[in-house]
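> Quick one: this structure, given as structure tokens, is what I'll be asking you about.
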Amino acid sequence: MQAAATFRGIREELQTALQERAAVEQQMLQGFANNMGQTLSQFQTETTGVIQQTAHEINRGVVQSIEGMTAQRSAFEASAVQAAATFRGIREELQTALQERAIVEQQMLQTTRTGIIQILTQASRIFHEQTNTLQTVGNQASGLMNDAKDNLLATLGNIDVTLTATRQTVEEDLTTFRQEVH
């Protein structure tokens, strides 16, 4: 009787200890998952802000370039009209100058376009690198959680085997003790 009560006490203490350990591990895993979620959310917010600011600066630069070129073109056209009225012979030279200026403006636009493409390509590359980094971190976190689960299951499996062996030993010792007493 006393051995059975002792066995029940040991069994209850082991069950309580296992339940407490499982609860602590669950809290740790939940805290890790919450922290990872907050980190990923903050990273996404910061990346979006940088991309939006870059796009705004690019748009502002393009608008200023267009306004400057429009003003220059208007000035050249006004000069050409005035010069044509005063000096008919100079008209061909001004047309040539306007064509050359158009080529220069086209080159400026092409340079601006190339710069914008480079900035967008770089931003895209950085975004993909950050995405890959986040995926790697997520995979590692998932692996750690799976390892923790496997360790917990292995520990619980070993405890079950230990409890069964302890129960059998106690039963055998009790049977031997009863036989010796009789």
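The values are calculated or read from the model by the stated rules, or taken from the named source; none is laboratory data. Here the structure is a predicted model, which means the values were calculated and not measured. Cβ coordinates were reconstructed from backbone atoms using ideal geometry, including for glycine residues, and neighbour counts include every protein chain displayed.
> What are the pairs with Cβ atoms under 6 angstrom where one residue, in the stretch 137-149, is under 13 Å from Met36 (Cα atoms) and the other, located anywhere, is at pLDDT 85 or above and not basic (Lys, Arg)? Sequence gap at least six, or different chains.
Close Cβ pairs (under 6 Å, with a partner that is at pLDDT 85 or above and not basic (Lys, Arg)) do not exist here.
> Output the residue which, of all residues in the stretch 162-181 that are among the β-branched types (Val, Ile, Thr) and surrounded by 10 or more Cβ atoms within 10 Å (Cβ to Cβ), is farthest from Glu12 (Cα to Cα). It would help to see each step written out before you state the result.
First, pick out the residues of the stretch 162-181 that are among the β-branched types (Val, Ile, Thr): 162, 164, 166, 169-170, 175-176, 181.
Now drop any that are not surrounded by 10 or more Cβ atoms within 10 Å (Cβ to Cβ), which leaves 162, 164, 166, 169-170, 175-176.
Numbers: Thr162: 14, Thr164: 14, Thr166: 13, Thr169: 17, Val170: 15, Thr175: 22, Thr176: 25 Å.
My answer is Thr176.
> May I pose another question? Which condition does Gly143 not pass, out of (1) modelled with pLDDT of 85 or more; (2) surrounded by 12 or more Cβ atoms within 10 Å (Cβ to Cβ), if it passes all the others?
(2)
> Just the residues that are over 13 Å from Gln72 (Cβ atoms) and at pLDDT 85 or above, please, taken from the stretch 90-102. I'd like the intermediate steps shown before the answer.
Applying the first criterion (over 13 Å from Gln72 (Cβ atoms)) to the stretch 90-102 yields 90-96, 99.
Across the stretch 90-102, the qualifying residues are Thr96, Gln99.
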